[in-house]
């Protein structure tokens, strides 16, 4: 059965798609600034007050840590406004059954959950030097939610660009494997955040001392868990390479959809090949940054750069997975 044709897009749809991509990359900046809050020890910059900062709407004579934390909260407020605007605009510009509408709703729900988890970290005192198991668990849930939020926002932008419906999705056995690979990548991000927290709370004087910390019996749990991150990273890398290789070999022009011109199919294939190449480039960059992070003993600036690369890689990987499982019939030029 042929996939349902994509819905024609008016000029305002193009503007909406561009706005959606702006929301995606704005949230990348919010995430990186949030990591700066942790790396600089500014998590308690506003005390345990939330949403107020030290009991004030706008802090008076703020110190360095307060400025970092308050700026992050303002950025989150901006993200909330943008995501809600994206939701309203998407609902008004799409019809029932379009995938973009569903992902815009999911993005909003994940954003609300993100705010709740962030508030809990502050209210429970899981900031600065806290190294409790509760902080690790809540931080893991928080990071997992963040990655799901970024995936939902990226897919909202993608499907606003293609106008696809849920009925365009073909259920296949490979979907399970791809979902498992994406789930593994999420756990790579989670273990990476745990490793970064350990690097921040327990800085090592040398590379030898850093490695010794990972295997010492009396080391804090945060440090003994760091070894999980590179192991999962290798597994996720194998998945990304497999997905990118499969995407580059695929050729939708061999069996074009009814009503789809070979030119459209070739355009889709070219876009997918470029996306696959981007995934491989970002993957290589991430491993280079990860190795540099270890060799340089995880300075804050390198942690932020590594996180930025991880966010961009995650977005590209999600988009490639979507294009593999859910190829666009008529992509937006």
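Every read-out reported here was derived from the displayed coordinates using simple, explicitly stated rules and does not represent laboratory data. These figures come from a predicted structure and were not determined experimentally. Note that each Cβ is placed from the backbone with ideal geometry, even for glycine, and that neighbours are counted across all protein chains shown.
Taking the C-alpha atoms only, the angle from helix 11-39 to the longest principal axis of the chain is near 20 degrees.
What's the long-distance tail for region 1-128, i.e. % of Cα pairs beyond 20 Å?
For region 1-128, the share of Cα pairs beyond 20 Å comes to 52 percent.
Size descriptors for the chain, from the alpha-carbon set: Rg then Dmax equal 21.3, 66 Å.
Put in order of Cβ neighbour count within 10 Å, fewest first, the listed residues 140, 206 become 206, 140.
Relative to the globular-protein estimate of 2.2 N^0.38 Å, the Cα radius of gyration of region 111-202 stands at 1.37.
For the chain, the longest principal axis of the C-alpha atoms and the axis of helix 228-249 are separated by about 20°.
Spin-label model, residue 221/residue 325: points 7 Å from Cα along the beta carbon direction are separated by 3.2 nm.
Principal-axis analysis of the Cα atoms of the chain puts helix 262-295 at an angle of about 10° to the longest axis.
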